[in-house]
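All remarks here apply to the structure that follows.
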Amino acid sequence: MDRSDVTAEPLRQDGRMPLVVRPARASLEAEQFLLANRAAIDHLLLQHGAILFRGFAVDTIERFDVVIHALTRQALAYEYRSTPRERLGEAIYTASDYPARHTIPMHCENAYQRDWPTKILFACAHPALTGGQTPLADMIAVSRRLSADCFESFRAKGVCYLRNYQEGMDLSWQNVFQTESRDEVGAICRRMGIDPQRVRESILPLSIGDTLPKAFEEWYFTGFTEDHEEPCETCELCGQEGLRYHFEICNGHTGHTLQVGSHCILQFNVAVFEDGQKLSPKEAKRKLDKLTQQMRLESCVRALERLAQAENTDILRNALDYYRKNKKLTPKQAFVVFWRLRQNQIDHAPSFFNVTLRKQRYLNDLEEMDTSRVHFFWHALSASQKQRAIELGHWPPAARACAL
Ligand SMILES: [Zn+2]
């Protein structure tokens with residue numbers, strides 16, 4: 001940083017933060033200066049904890065947006081909210097929409113989240129007529145003032161935030177999660193590692209342990225799965241809807257069982273065993289994926305059996321035998337199978353099927369086939385097989401045909 005561009009000194013002699021940086025001349029462009037000195041500013045920020053830029057003409061949302069991009073790699077959206085804010089730009093919000101007569105107590109920004117921003121930027125568009133300070137607390141100094149015991153206790157146990165959303169108190173869940181869909185809330189919670197209350201209510205009454213980690217230690221996956229043929233079921237743990245497959249978990253002490261999605265088994269570390277051995281999370285995921293694959297294979301075989309029953313022809317019987325043995329269809333079989341499945345209105349998920357192109361003659365068959373026939377089984381092809389089909393002169397079906 002060219003020190004002749006700016007002056008920099010702490011706001012208070014007795015405090016670490018903030019460092020006040022002022023332009024040395026009126027013509028200094030804030031955006032260019034910040035862009036050119038990002039590394040030096042990051043360094044100063046680490047040293048001082050906060051920087052107060054004073055006298056830079058950042059007076060519009062557009063200019064503030066440029067400053068944000070000059071100082072940060074990626075601006076975060078305000079997801080999982082805790083205060084009413086109005087969005088003014090891409091990642092720019094009002095600091096708070098609470099009435100001006102209230103003060104906001106000291107807090108660590110977004111401390112209740114698993115991920116929080118490493119930088120937060122404030123700009124003053126309209127100075128307050130009275131008051132209006134944005135006080136800062138030095139959390140390193142605050143931590144030092146805790147007794148060693150207390151500090152160690154926090155370190156060992158961590159903290160747990162429990163949030164309740166209700167009409168008239170704090171924000172509504174719709175505002176917090178920025179959605180009207182409860183399913184979407186469940187998905188956001190899983191992504192952020194938050195345990196919805198629904199999970200506590202489902203699991204605690206059926207367990208002996210009185211906390212989620214203790215309760216989940218009592219549960220294991222029984223190995224029993226069920227394919228409901230359509231995505232119409234609910235996870236009895238988190239309430240997620242639209243599940244096609246259920247996995248059964250059982251409490252080893254109370255004997256209670258729940259039908260859940262595999263995502264919940266993995267998220268809550270429900271024990272998955274193989275040959276009496278508890279699997280690691282990675283192995284458990286592999287096992288549940290394999291079971292899902294198996295259910296998909298079985299649903300394909302069931303569709304082929306129904307088809308062979310409806311139309312007792314050699315090619316369909318052969319396709320069924322071939323699929324049972326190889327878990328795949330040849331291109332010629334695939335065309336006939338999907339054409340007849342559709343004709344007979346037999347429920348099937350095309351993407352669950354596999355097609356083999358492993359032999360030269362299958363590639364030749366695919367090349368010689370009319371593209372309209374290839375479209376019948378297009379969705380059963382893998383991404384690389386689709387690419388291969390395109391190289392052989394075919395093209396993807398129009399979007400309208402995707403309902404196949
Ligand atoms: Zn679930």
- Theoretical FRET efficiency, 1/(1+(r/R0)^6), r = Cβ-Cβ of R101 and S27, R0 35 Å, to 0.05: 0.30
- Query: Can you run phi through the Karplus equation (6.51, -1.76, 1.60; θ = phi - 60°) for segment 153-169 and list ³J(HN,Hα) in whole Hz, with x for Gly and Pro?
  - Reply: 4, 5, 5, 6, 9, x, 10, 10, 9, 10, 10, 10, 10, 8, 3, x, 10
- Can you tell which of S143, S172, A111 lies farthest toward the positive end of the dipole of segment 109-182, using +1 and -1 charges on the Cβ of basic and acidic side chains (Lys, Arg; Asp, Glu)? S143
- Message: At 222 nm, what value in deg cm²/dmol follows for the chain if DSSP H runs of at least 4 each add -39500 (n - 2.57) and the sum is divided by all its residues, to the nearest 500?
- Response: -11500 deg cm²/dmol
- Query: Mind listing which chymotrypsin sites (Phe, Trp or Tyr not before Pro) in segment 333-404 are in a DSSP loop and have 11 or fewer other Cβ atoms within 10 Å?
  - Reply: none
- Message: Placing unit charges on C-beta atoms (Lys and Arg positive, Asp and Glu negative, everything else neutral), compute the dipole magnitude of segment 1-86 about its Cα centre in debye, rounded to 20.
- Response: 240 debye
- Task: Could you please rank L392, L34, placing first whichever residue has the fewest other Cβ atoms within 10 Å of its Cβ?
- Result: L392, L34
- How far is the Cα center of segment 130-162 from the Cα center of segment 17-43, in Å? 29 Å
- Message: Tell me the relative contact order for the chain as a rounded percent, counting alpha carbon contacts under 8 Å between residues six or more apart.
- Response: 7 percent
- Note on the structure: Flagged as over-length at 31 Å C-alpha distance, from K282/K332; K282/K325; K214/K285; K290/K332, the pairs are K282/K332
- Would you work out the charge dipole size for segment 6-141 about its Cα centre, treating the Cβ of every Lys and Arg as +1 and the Cβ of every Asp and Glu as -1, and quote it to the nearest 20 debye? 200 debye
- So what is the relative contact order of segment 312-404, in percent, for Cα pairs below 8 Å that sit 6 or more residues apart? 27 percent
- Item | Dipole magnitude (debye, nearest 20) for the chain, charges at Cβ of Lys, Arg, Asp, Glu | 960 debye
- Message: Tell me the relative contact order for segment 40-196 as a rounded percent, counting alpha carbon contacts under 8 Å between residues six or more apart.
- Response: 23 percent
- Query: What fraction of the Cα pairs in the chain, stated in percent, has a spacing above 39 angstrom?
  - Reply: 48 percent
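The numbers here are math on the coordinates, done by the rules we state, and not lab data. Bear in mind the structure is a predicted one, so any value in this text is a computation, not a measurement. Every residue, glycine among them, receives a Cβ derived from its backbone with ideal geometry; neighbour counts consider all protein chains shown.
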